[in-house]
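*Asks:* A single structure is presented below for examination.
The values are calculated or read from the model by the stated rules, or taken from the named source; none is laboratory data. Everything numeric in this text was worked out from a predicted model, so none of it was measured. Quick reminder, even Gly has a Cβ in these numbers, built from the backbone with ideal geometry, and neighbours come from all protein chains shown. In case anyone asks, the SASA skips ligands and DNA or RNA and just uses the protein heavy atoms, side chains included. Shrake-Rupley method; radii C 1.70, N 1.55, O 1.52, S 1.80 Å.
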Amino acid sequence: MAVTRTFSIIKPDATRRNLTGVVTKMLEEAGLRVVASKRIHMSREQAEGFYAVHKERPFFGELVEFMMSEPVVVQVLEGEDAVKRNRDIMGATNPAEAEAGTIRKEHALSIGENTVHGSDSEENAKIEIDFFFNKEEIVG
Ligand code: ADP
Ligand code: MG
C-alpha cells in the first residue's frame, strides 16, 4: 500500500475543549504522521468555499457558522492509505453511530459538532490540501 496524504481539520468543538493534542495523538497512534499543521480562525469565505459541495444541504448555514465560531487546526496527514486510515480512526459522521475507539465516538458532541474533518477521497484530499496549504508549508 502506497504512502499517501490526506487533509484533516480539528474542529472548533475540539479546540474549545483543549483537545488538539488528544485528537492528534489518536491520529498518530493510527499510523498517520502530521506533515503540516496550523491553527487558523476560518473566515466566512474560507468556510463557505471549503464546504461548497454541501451548499444545498439543510445544515449548510449551521455548518459554516460552526466552522467560523472558534479556531480550528488544519493538518496534512501522511501514511499508508492515508485517506482510508484517517476515515477509519475518525468514525462515522454521527457519533451515535461511530465505533468504539474512534475519535468521534470518544469525543464528538453531535452530528454537527463532530470534532474532526477528513477528506473522503484521494482526489478531494489534494484539492483540500491545496485550499489551505502552500507547498513550502508541507514538510514530510
Ligand atoms: P463527514 O464529515 O463525515 O465527511 P459529511 O461530508 O456528510 O460528513 O458532512 C460534512 C459535515 O457537515 C459533518 O462532518 C458535520 O459537521 C456536518 N453535518 C453533516 N450532517 C449533518 C446534519 N444532519 N446536521 C448537522 N450537521 C451535519
Ligand atoms: Mg465529508
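*Asks:* Can you pull out every residue in region 68-104 that is basic (Lys, Arg) and more than 14 Å from ligand 2 (Cβ to nearest atom)?
*Replies:* The one that is basic (Lys, Arg) and more than 14 Å from ligand 2 (Cβ to nearest atom): 85.
*Asks:* For residue 107, work out the one condition from (1) crowded, with 20+ Cβ neighbours inside 10 Å; (2) within 15 Å of ligand 2 (Cβ to nearest atom) it doesn't fulfil.
*Replies:* Every listed condition holds for residue 107 apart from (2).
*Asks:* Could you give every pair whose Cβ atoms fall below 6 Å, whose first residue belongs to region 64-75 and is surrounded by fewer than 19 Cβ atoms within 10 Å (Cβ to Cβ), and whose second residue is β-branched (Val, Ile, Thr), counting only separations of at least 6 or pairs across chains?
*Replies:* These pairs meet every condition: 70/15; 71/15.
*Asks:* Suppose the filter is within 24 Å of residue 1 (Cα to Cα), of a type outside the set (Lys, Arg), out of contact with any strand residue (DSSP E or B) (no Cβ under 9 Å at 6 or more places or on another chain) and open to solvent by less than 90 Å² (accessible area, probe 1.4 Å); does residue 98 pass it?
*Replies:* Working: within 24 Å of residue 1 (Cα to Cα): no; of a type outside the set (Lys, Arg): yes; out of contact with any strand residue (DSSP E or B) (no Cβ under 9 Å at 6 or more places or on another chain): yes; open to solvent by less than 90 Å² (accessible area, probe 1.4 Å): yes.
Criteria not met by residue 98.
*Asks:* Tell me the residue from 138, 89 that is open to solvent by less than 60 Å² (accessible area, probe 1.4 Å), within 21 Å of residue 18 (Cα to Cα), β-branched (Val, Ile, Thr) and at pLDDT 95 or above, please.
*Replies:* So the residue among 138, 89 that is open to solvent by less than 60 Å² (accessible area, probe 1.4 Å), within 21 Å of residue 18 (Cα to Cα), β-branched (Val, Ile, Thr) and at pLDDT 95 or above is 89.
*Asks:* Still on this structure, I have one more. Mind checking which pairs have a first residue in region 26-45 that is farther than 18 Å from residue 90 by Cα and a second that is of a type in the set (D, E, K, R) and assigned to a helix (DSSP H, G or I), Cβ under 6 Å, 6 or more apart or different chains?
*Replies:* Cβ pairs passing all conditions: 36/137.
*Asks:* In region 1-21, how many residues are open to solvent by 50 Å² or more (accessible area, probe 1.4 Å), of a type in the set (D, E, K, R) and part of a loop (DSSP other than H, G, I, E, B)?
*Replies:* Selection size over region 1-21: 1.
*Asks:* Still on this structure, I have one more. Looking only at residues that are in contact (Cβ under 8 Å) with a residue 40 or more places away in the chain and over 16 Å from the mean Cα position of the chain (by Cα) in region 51-63, which one is most open to solvent (accessible area, probe 1.4 Å)? Please lay out each step first, then the result.
*Replies:* Applying the first criterion (in contact (Cβ under 8 Å) with a residue 40 or more places away in the chain) to region 51-63 yields 59, 62-63.
Applying the additional criterion that residues be over 16 Å from the mean Cα position of the chain (by Cα) yields 59, 62.
Details: 59: 73, 62: 127 Å².
Among them, the one singled out is 62.
*Asks:* Here are the criteria: (1) over 18 Å from residue 127 (Cα atoms); (2) open to solvent by 60 Å² or more (accessible area, probe 1.4 Å). Tell me which single one residue 32 does not satisfy.
*Replies:* Going through (1) over 18 Å from residue 127 (Cα atoms); (2) open to solvent by 60 Å² or more (accessible area, probe 1.4 Å) one by one, residue 32 breaks only (2).
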